[in-house]
1. Give the residues of the stretch 15-62 that are hydrophobic (A, V, I, L, M, F, W, C), part of a loop (DSSP other than H, G, I, E, B) and either modelled with pLDDT of 90 or more or open to solvent by less than 50 Å² (accessible area, probe 1.4 Å) (or both), sorted by residue number.
2. Restricting to the stretch 286-324, name every residue that is buried (at least 23 other Cβ atoms within 10 Å of the Cβ) and over 26 Å from K110 (Cα atoms).
3. With of a type in the set (F, W, Y) and without any contact (Cβ under 8 Å) to a residue 24 or more places away in the chain as the only criterion, which of Y219, Y210 stands out?
4. Restricting attention to the stretch 161-191, which residues are open to solvent by less than 10 Å² (accessible area, probe 1.4 Å) and not hydrophobic (A, V, I, L, M, F, W, C)?
5. Considering only the stretch 94-142, state which residues are open to solvent by 40 Å² or more (accessible area, probe 1.4 Å) and on the phi > 0 side of the Ramachandran plot.
6. Can you tell me which residue in the stretch 325-355 is surrounded by the fewest Cβ atoms within 10 Å (Cβ to Cβ), limited to those that are hydroxyl-bearing (S, T, Y) and in contact (Cβ under 8 Å) with a residue 40 or more places away in the chain?
7. Which pairs turn up if I take residues in the stretch 181-194 that are assigned to a helix (DSSP H, G or I) and look for partners that are among the hydroxyl-bearing types (S, T, Y) and open to solvent by less than 20 Å² (accessible area, probe 1.4 Å) with beta carbon separation below 7 Å, at least 6 apart in sequence or on another chain?
8. Which numbered condition trips up E381, out of (1) of a type in the set (D, E, K, R); (2) over 21 Å from the mean Cα position of the chain (by Cα); (3) crowded, with 24+ Cβ neighbours inside 10 Å?
Amino acid sequence: MIKSTHFLNQLSNWVWSYPLLLLLVGTGLLYSVLLRGLQFRYLFYSIKLIFSRHDETAPGDVSQFQSLMTAMSATIGIGSITGVATAVAAGGLGAIFWMWIVGFLGMATKYAEAILGIKYRTLDANGQMRGGPMYYLEKGLGWKGLALLFALAGSIAALTTGNMVQSNSVAVAFTHYVSIDRIWIGMVLSLLTGIVLLKGIKSIAWVTEYLVPLMASIYIIGGLVVICINYRLIPQGIYQIIHAAFNKQAAFGGFLGSSILFAMRMGIARGIFSNEAGLGSSPIASAAARTDHPGTQAMISMSGAFIATFIVCTITGLVIAVTGVLGQFSANGIALNGSSMVIHGFNHSLPGSGWLVTIALMMFGYTTILGWAYYGEKCFEYLFGSHSIFFYRALYTTVVALGAVLGLDFIWSVSDISNALMCIPNLLGLIGLAFVVKQESDSFIKGIKPSKVRT
């Protein structure tokens, strides 16, 4: 296992090196320029759309809010809590700064993904919507080979990024307080997952519609309380984040030893895991939304990226910065990492409040497992047809228990690699269809009344 983990770490470092980072950032820059900074100009309008009433008779399987919550169930939570902590542990506090950068650019990318996801969606044999990069790669560009590659990578990524990473983080967080074999936690999660997956997207959307806003609110409030208790250290924490992004750090600044490039790589990789911009997963959920124009759901999807990165991730990063838990060790002499670092940060200022993080991680991890189940299912359906869905659901449910007992480093390495294999074909498709996105976006924006846009 040690040799395989080392190999996977090296492979992860290779796939997330300069070429992919440049492709990812370049795509975000392309859309930021092409759409004239749409993510800034229409930010408040996009947030307003979340709480607006929409046409429930429009084509689609779930409401636009449910579609957003399904997508956010796969972003807010483990990626925004454990993902941020692992990035900081490996790349130092500077990784948070690079999360912010990729977050700003990613908002434009996520807007484009949603537009294409809805524009090229189709009905399956059961009368349900299906869409995503595999469909706009094939129908929009005629790139069947890349469509198949994305679907294959998406099927695998769902089993790792959206499944094993989540169950592992939930198990680690729970056993921080309760002495219990992690396999039992995995088995309970597996059972709960299987129950919901039996009814597909509508059941997933119904669960996430209630759990995601509730747990996000509880975690955000708790994090703000911790930050406010240490309010004198906020300027210092922000300075450390920015300073570390452009300066080499001693090995203890990140337990693996940090450099500017490594902090950048970790920040971008975990930033993608947190908001999924450029990954190609969220347009699969967007395609299921009831909407009369791709632009409406694209705006809503863009706001989700803002919430995941600039609210939840920032709160996690500031909790770590102001409580000084980076570089500390547990009672067992193990360097704090992942969810244990965040839990320790909460307990540092509010003794006993680590339970809040544990409960949040459990709920977030569960909803993320559900959201990614839908992503993986649709990718698998594209590869093997509708009759394969039941097999994939059974496999997915089984893997939940396995993820709870595997090592964190091993799972994160596999997760990073599978994410990269999704990013590459999706980003190429986004670049190839850039002017299609612009035409759809211009059409939508022209129909917005000026009074509705004012903020």
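The values are calculated or read from the model by the stated rules, or taken from the named source; none is laboratory data. As the structure is a computational prediction, the values presented were derived from the model and not from experiment. Here the Cβ is made from the backbone with ideal geometry for all residues, glycine too, and neighbour counts use every protein chain on show. Please note that ligands, DNA and RNA were not included when accessible areas were found on the heavy atoms of the full protein model with its side chains. Shrake-Rupley method; radii C 1.70, N 1.55, O 1.52, S 1.80 Å.
1. The first filter runs over the stretch 15-62 and keeps only residues hydrophobic (A, V, I, L, M, F, W, C), leaving 15-16, 20-25, 29-30, 33-35, 38, 40, 43-44, 47, 49-51, 58, 62.
Among the residues that remain, those that are also part of a loop (DSSP other than H, G, I, E, B) are: 16, 35, 51, 58.
Once the filter is applied, which keeps residues that are hydrophobic (A, V, I, L, M, F, W, C), part of a loop (DSSP other than H, G, I, E, B) and either modelled with pLDDT of 90 or more or open to solvent by less than 50 Å² (accessible area, probe 1.4 Å) (or both), the stretch 15-62 yields W16, L35, A58.
2. Across the stretch 286-324, the qualifying residues are V319, I320, A321, V322, T323.
3. Values: Y219 fails: without any contact (Cβ under 8 Å) to a residue 24 or more places away in the chain.
Going through Y219, Y210 in turn, the sole match is Y210.
4. Correct list: T161, G162, N163, Q166, S167, N168, S169, G186.
5. G127, G142
6. Result: S349.
7. Listed pairs, sorted by first residue: G186/S167; L189/S167.
8. (3)
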